[in-house]
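Structure first, then comments.
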Amino acid sequence: MAVNICPHCNQPFMADAKSGDYVHQCNSGNKALDEEDVPVSTVTAKDYGQEVTTGKLQASITKQGLANKSAGTLAAHEGHKTYDYTIRGNRAATHRQRAHREYILEVKNGK
């Protein structure tokens, strides 16, 4: 077994050098690195082989992203738009979060 470093979250993980490819679930304690944003398009989705609910109704999915905090103000008439964003910079109304798994090609011997 060799100690390797994940290139995404810089956390060490143990894997056999001759095991081939490895999938590492990032767990650094930093939500920006440990999760990823996925666009919402259906009520249920498949994450890594498991079916999960997105927490949104079909009626709200077809209208997602229409919310604008500056609606009816001078800023809206001038064309400015404000939305809620995730910590990774995507719009929260149109994206959901899931755990990030880094696919590592050919685990090296501690390199």
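The values are calculated or read from the model by the stated rules, or taken from the named source; none is laboratory data. Treat the numbers as computed from the prediction; the structure is a model and nothing was measured. Neighbour counts run over all protein chains shown; Cβ positions are idealised from the backbone, glycine included.
Between a first residue in the stretch 18-31 that is β-branched (Val, Ile, Thr) and a second residue that is not in a loop (DSSP other than H, G, I, E, B), which pairs have beta carbons less than 8 Å apart while being 6 or more apart in sequence or on different chains?
Listed pairs, sorted by first residue: Val23/Arg101; Val23/Glu102; Val23/Tyr103; Val23/Ile104.
Just the residues that are over 21 Å from Gly55 (Cβ atoms) and hydrophobic (A, V, I, L, M, F, W, C), please, taken from the stretch 4-44.
Matches in the stretch 4-44: Ile5, Cys6, Cys9, Phe13, Met14, Ala15, Ala17, Val23, Cys26, Leu33.
Within the stretch 5-24, which residues are among the hydroxyl-bearing types (Ser, Thr, Tyr) and surrounded by 14 or more Cβ atoms within 10 Å (Cβ to Cβ)?
Tyr22
For the stretch 61-95: of the residues being modelled with pLDDT of 70 or more and outside any loop (DSSP other than H, G, I, E, B), which is surrounded by the fewest Cβ atoms within 10 Å (Cβ to Cβ)?
By that ranking, first place goes to Leu74.
Looking at the stretch 1-50, which of its residues are more than 14 Å from Arg96 (Cα to Cα), hydrophobic (A, V, I, L, M, F, W, C) and not in a strand (DSSP E or B)?
Passing the criteria: Met1, Cys6, Cys9, Ala17, Cys26, Leu33.
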